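Below is one structure, written out as structure tokens, with a few remarks after it.
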Amino acid sequence: MTNAKRPATVLTRDALRVLAGDRAYERGEMYASEGRVHDIAEDRGHITATVMGSARYHASLWVEGKKVRYACSCPVGDDGACCKHCVALGLAWLERAAPTAGAAATGATALQKTAKKRSVGTRPLTMKDVHTHLAAERKDTLVELLMRHAMADEGLRQQLLLDTARSTRNGVNLDTFRQAISNAIESGEFVDYREAYSYFARVDDVITSIAELTDKHPQAVVELVEYALASMERSIGSVDDSDGGTSEILDRLHALHLAACERARPDPLALARTLFEWELRSEWEIFHGAVVRYAKVLGKKGLAAYRALAEAEWARVPVLRADAGDRNRHSSRYQITAIMESLATMSGDLEALVAVKQRDLSSAYAYLTIAQLYKSAGQQDRAMEWAEKGVKDFPQRASSELRTFLAAQYRRLKRHDEAMTLLWTVFADSPTLEHYAALHQYAEPIGKWPVWRERALATVREGIATRGDDAKRRPAYGDTRVDGSLLVRIFLWEKDVDAAWREAEATGCSASLWMQLARLRERTHPADAVRVYQEAVERALGQKHNDAYREAVDLLRDIARAMKRSKDSPGFAAYVEAVRARHKPKRNFVKLLDAARF
């Protein structure tokens, strides 16, 4: 808000509409007309007010150069958008500022008009008048006034306490800041979703106050941020974090801590121990990956101390093999593994990183990660060697990713039969369109796709058959109790719509696939599409809510189009009336039906 100018003619109705968009502008216009804007104040080009929405919001407008700037305490404003509350403030201010109906209607010169001198008795007082009044008051009177308001306003009181804590004779009063941190973070009770926005805003304000100390008191910032992180750890489980506010707060605290350390240059040995112990024990990834970010601050001495601490802890971590039971027998296994991986990555030593990975070979995925490391390093033979080890050690539990990886290595060496055998085990274990496509990708270039295709389709059909007699009957459209969906997807992937339709009729498929088939067949087989759309209408109306009713009306439009293509337009009117009669009690649906005017 620095260098702000008086709004003058820059703030207009048109400018507000451009900033906010039509929807927010219209909502703001309604708010302004309903008198929801209270306590409008202007001071040196800054307009502010309280706007009553679902809660009390603080909206502001000001001008920088030739642009209108805005801010609001609501969630939309917090995301940086011009919200309805800012629009309401602007419109209310334009209305109040305009001395005539004509000026108010245009909004073109409303703010300029108010700049003209008029006697105080013929207009409401402004903050400029307040400024003049306060400038003439005695200092002790102003102090008393400010203290009286601070005792009634928690936010103002907190700000004054922190301002005072910055300027004591002995430097920063850390106890005051610690108290402010505790008050903001440790609420003492669960913070639900409705209160979370205000909670995180309070925490963010305190962090801003701490950040203002960085240039002159960086060591104080280091201590305060660590105190705040400890408070956050104690409180995370008591806050609804649906919108990710906790992560944003932690990210900001981490960035502030690093910036303060870069200025304060704390003892590298002490810093290494602090970072290591916190990262090792934290359940919320406090200082996760710190050794990489703090490398320059730690320097050689600090990094050596950090590595010594990590290696001592790492020595206590047991080696896990394929037959391992509890993978978490070491309480901080995940954390110390991540630390050792960071150190190995920093060193650029591939074998050191592999050695860390080898400490836990209790899953096929572990072998895959090592194989991928070697492949990325261009060591294809070592990559294949580790993939083969994984498949051997986990003959029944090798992941599809590991087997697919090894198949690619075999294909590279033109060992096609081995590659296909592996891909077949992947498909047989988990028949999916993705795995079917992988079979095709490998078999087609070597001329063996017809054989593998028939085998794959037969396997899928056998799976359907094993579901019993219910899977063999002809289903109603949209029936998902029987499922030939995979075959339908396969035929659609092969662009054989007729085969996909036949399969759907024979063994059934999901409702979404029926709709996809109907769209694809509507032009050539409109009567088939009509049947599917009609089933979808009944399914939608059975849900009994407005969104489903709107979906049903859209489907009726599809039916009208398909019937027209099948030259059965007269039948549509009779069908619509039959639908209306069956669902007459659904009044909202009938209203939508009437509005559609079929």
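The values are calculated or read from the model by the stated rules, or taken from the named source; none is laboratory data. Remember, it's a predicted structure, so these values are computed and weren't measured experimentally. Reconstructed Cβ throughout: ideal geometry from the backbone, glycine too, with neighbour counts over all protein chains shown. Side chains included, ligands, DNA and RNA excluded: accessible areas come from the protein's heavy atoms. Shrake-Rupley method; radii C 1.70, N 1.55, O 1.52, S 1.80 Å.
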Rounded to one decimal in Å, the inverse mean reciprocal Cα-Cα distance for segment 505-569, i.e. its Kirkwood radius, is 12.0 Å
Highest mean first, what order results for 443-456, 14-27 on Cβ atoms within 10 Å?
14-27, 443-456
Would you mind computing, in nm to one decimal, how far apart the modelled labels at VAL18 and LEU146 are, each placed 7 Å from Cα along Cα→Cβ?
4.0 nm
How big is the C-alpha Rg of segment 488-598 next to the rule-of-thumb value 2.2 N^0.38 Å, as a ratio?
1.12
On alpha-carbon atoms, Rg over Rh for segment 143-217 using Kirkwood Rh?
1.01
Please give the per residue volume of the convex hull enclosing the alpha carbon atoms of segment 399-456, rounded to a whole number of Å³.
65 Å³
The equivalent-ellipsoid semi-axes of segment 156-276, taken as the square roots of five times the Cα gyration tensor eigenvalues and listed largest first in whole Å, are 24, 18, 11
Given +1 on the Cβ of Lys and Arg, -1 on the Cβ of Asp and Glu, and no further charges, what dipole in debye does the chain carry about its Cα centre, rounded to the nearest 20?
1900 debye
Two-decimal Rg/Rh across segment 352-450, once Rg and the Kirkwood Rh are taken from alpha-carbon atoms
1.00
For SER332, what accessible area in Å² do you get when you roll a 1.4 Å probe over the heavy atoms of the protein chains, rounding to the nearest 10?
10 Å²
With contacts defined as alpha carbon pairs under 8 Å and 6 or more residues apart, what's the relative contact order of segment 247-338 in percent?
30 percent
Geometric extent, Cα atoms of segment 341-383 - Rg, Dmax (angstrom):
10.0, 26
Dipole of the chain (Lys/Arg Cβ +1, Asp/Glu Cβ -1, origin at the Cα centre): which of ALA511, GLY484, THR524 lies farthest to the positive side?
THR524
Size of electric dipole in segment 482-552: Cβ of Lys, Arg +1 and of Asp, Glu -1, about Cα centre, debye, nearest 20:
200 debye
Computed Rg/Rh for segment 271-412 (Cα atoms; Rh = Kirkwood radius) stands at 1.03
Sites ARG157 and ASN588, calculated FRET efficiency, Cβ-Cβ separation with R0 51 Å, nearest 0.05
0.50
Positive-end residue, the chain charge dipole about Cα centroid, Cβ charges, pick of HIS46, MET346, THR432:
HIS46
I'd like the carbon and sulfur percentage of the solvent accessible area for the chain, probe radius 1.4 Å, heavy atoms only, ligands and nucleic acids excluded.
51 percent
Residue-level accessible surface for SER376, protein heavy atoms, 1.4 Å, Å²:
110 Å²
How would SER569, SER60, SER33 rank on accessible area, largest to smallest, probe 1.4 Å?
SER33, SER569, SER60
Heavy atoms only, probe 1.4 angstrom, no DNA, RNA or ligands counted: give me ARG13, ARG157 ranked by accessible area, highest first.
ARG157, ARG13
Determine which aspartates and glutamates satisfy two conditions relative to LYS216: a Cα distance under 15 Å, and not lying fewer than 8 residues away in the same chain.
ASP163, GLU262
Solvent-accessible area per residue for segment 481-578 at a 1.4 Å probe radius, Å²?
48 Å²
Among LEU271, LEU253, TRP284, the residue whose Cα sits farthest towards the positive end of the charge dipole of segment 228-284 (+1 at Cβ of Lys and Arg, -1 at Cβ of Asp and Glu, taken about the Cα centre) is LEU271
Under the helix-only model (-39500 (n - 2.57) for each DSSP H run of 4 or more, divided by the residues of the chain), the mean residue ellipticity at 222 nm, to 500 deg cm²/dmol, is -20500 deg cm²/dmol
Order by accessible surface, 1.4 Å probe, largest leading, for residues GLU313, GLU248 comes to GLU248, GLU313
Enumerate the whole-percent occupancy of each 10 Å bin, from 0 to the last occupied one, for all C-alpha pair distances of the chain.
3, 11, 13, 14, 16, 18, 15, 8, 2, 0
Tell me, what is the 1.4 Å probe accessible area of GLU195, in Å² to the nearest 10?
90 Å²
